Amino acid sequence: LYEASYLGTEDEEILKKAFEFSRTHLNEFISHKSPEIGYRHIVRSLTLPKHLRMARLEARNYMDEYSHASNQIPALLELAKLDSDMIQSLHQTELAEICRWWKELGLVDRLGFARDRPTECFLWTVGIFPEPRDSNCRIELTKTICILLVMDDVFDTYGKFDELVLFTKAIKRWDLDAVEDLPEYMKICYMALYNTTHEIAYRIQKDHGLTAVAYLKRTWIDIFEAFLEEAKWFNSGCVPNYKTYLDNGVISAGSCMALVHATFLIGDGLSKKTISMMKTYPRLFTCSGEILRLWDDLGTSTEEQERGDNASSIQCFMGENNIIDENEGRKRIRLVIRNLWRELNGLAMNKTVPLSVVKASLNMARTAQVIYQHGDDKSTFTVDDYVQTLIFTSLPSNH
């Protein structure tokens with residue numbers, strides 16, 4: 001009942017009651033139980049229910065649990081492990097290709113300040129596209145996320161404000177002549193973004209016969225405008241209201257960029273009507289993006305506040321609702337996320353977008369939780385642990 005309650009939509013009051021009822025009883029139940037197999041299972045569910053888990057990690061955990069079950073079918077477990085090894089091997093090949101591309105691109109060598117995290121970017125795409133057949137989608141989407149992190153660093157830590165204004169103008173022109181007035185490090189960034197976007201558009205044209213460059217380009221222009229908006233807030237010491245912050249933050253977090261790229265890379269059932277929805281970004285994308293942005297803030301805002309960055313959604317929300325205690329603010333943001341999930345569930349049942357794109361949107365929100373949920377708790381798994389588990393550590397065999 002508890003697990004099912006997470007599939008509820010905004011207007012399903014009975015499932016909201018079922019959630020409160022089942023959670024209360026489960027919490028009570030484990031307070032009187034001795035820690036055994038069933039107990040572990042309940043604690044895990046209360047921490048993170050199945051509907052919100054990242055598919056590949058869940059498969060690993062499930063195999064581990066199943067290997068301890070008294071009624072297991074050994075042959076089934078063996079097949080699952082073989083399948084897991086094959087997928088791991090595929091992921092290692094994909095990651096090798098991404099690292100080769102990243103090294104050749106040479107962005108980080110030229111820019112001493114930029115984040116060098118192709119493996120973490122790849123983990124995102126394993127989360128968004130867990131199926132083996134989506135290999136090309138994972139590779140191409142990882143490239144955009146790698147570049148996004150570097151652009152974020154330019155705006156956050158390195159670029160001077162007047163340079164950032166020039167950079168945004170140049171991106172809006174989307175024309176190689178536009179780089180003339182930029183400082184050298186920005187020229188390198190511009191060329192890397194421009195060329196990678198056109199290469200991805202070429203791939204989409206070749207694989208699906210879809211002309212996507214205008215849509216891909218627009219997602220980047222929107223991101224740069226959102227980055228610049230945040231830089232303006234920072235420079236003027238302005239704390240925006242919560243809604244303004246979140247609407248802008250959904251774009252600057254790259255969620256719409258990733259999902260528009262994903263839609264074209266999958267190329268499933270794309271009608272003219274679906275493609276035209278990419279112009280305004282469907283609510284499915286921005287709802288998933290709000291979950292991502294709020295988890296990102298929950299996971300990174302403490303560090304960013306210490307660095308003196310912009311106020312995050314937590315500070316904006318606390319200021320607007322007269323909350324003084326940060327823990328209370330965080331609790332309230334988690335409640336907002338739970339309600340966004342109900343909205344996302346409702347949107348996922350809407351038939352306007354291909355199912356593969358719906359799945360990618362749900363998976364993006366799930367992956368955000370995995371990557372950021374422990375940002376403020378250093379004792380649990382880190383992103384590196386997840387990468388090791390999923391991509392490099394093979395499951396022990398029964399023999």
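The values are calculated or read from the model by the stated rules, or taken from the named source; none is laboratory data. Owing to the predicted nature of the structure, the values given are computational and were not obtained by experimental measurement. Every residue, glycine as well, gets a Cβ built from its backbone with ideal geometry; the counts of neighbours run over all protein chains shown. Remember, those area values only see protein heavy atoms, side chains included, never the ligands or the DNA or RNA. Shrake-Rupley method; radii C 1.70, N 1.55, O 1.52, S 1.80 Å.
General remarks:
- Residue in the stretch 4-13 that is among the β-branched types (Val, Ile, Thr) and in a helix (DSSP H, G or I) present: no
- Neighbours by Cβ (under 8 Å, 6+ apart or cross-chain): first from the stretch 1-26, over 17 Å from Leu347 (Cα atoms); second outside any loop (DSSP other than H, G, I, E, B) and open to solvent by 50 Å² or more (accessible area, probe 1.4 Å): Leu1/Phe21; Tyr2/Arg23; Glu3/Lys50
- Some residue of the stretch 43-65 being among the small types (Gly, Ala, Ser) and farther than 23 Å from Ser288 by Cα: no
- Screening the candidates Leu390, Leu355 for the property of being in contact with a helix residue (DSSP H, G or I) (Cβ under 6 Å, 6 or more places away or on another chain) and either within 30 Å of Lys81 (Cα to Cα) or modelled with pLDDT of 95 or more (or both) yields one hit, Leu390.
- When the stretch 315-350 is filtered for residues that are outside any helix (DSSP H, G or I) and over 20 Å from Thr244 (Cα atoms), the ones remaining, listed by number, are Ile324, Asp325, Met349, Asn350.
- Filter pass, Tyr194 being in a helix (DSSP H, G or I) and at pLDDT 95 or above: yes
- Helices (runs of 4 or more DSSP H) enclosed by the stretch 200-311 - at least 2 residues per element that are out of contact with any strand residue (DSSP E or B) (no Cβ under 6 Å at 6 or more places or on another chain), of a type outside the set (S, T, N, Q) and open to solvent by less than 20 Å² (accessible area, probe 1.4 Å): 213-236, 242-252, 255-266, 283-307
- Flag for Tyr281 being among the hydroxyl-bearing types (Ser, Thr, Tyr), in contact with a Cys (Cβ under 6 Å, 6 or more places away or on another chain) and at positive phi: yes
- Cβ pairs under 6 Å, 6+ apart, first in the stretch 176-205 and under 28 Å from Phe264 (Cα atoms) and free of Cβ contacts under 8 Å to residues at least 24 places away in the same chain, second of a type in the set (Lys, Arg) and open to solvent by 10 Å² or more (accessible area, probe 1.4 Å): Val179/Lys187
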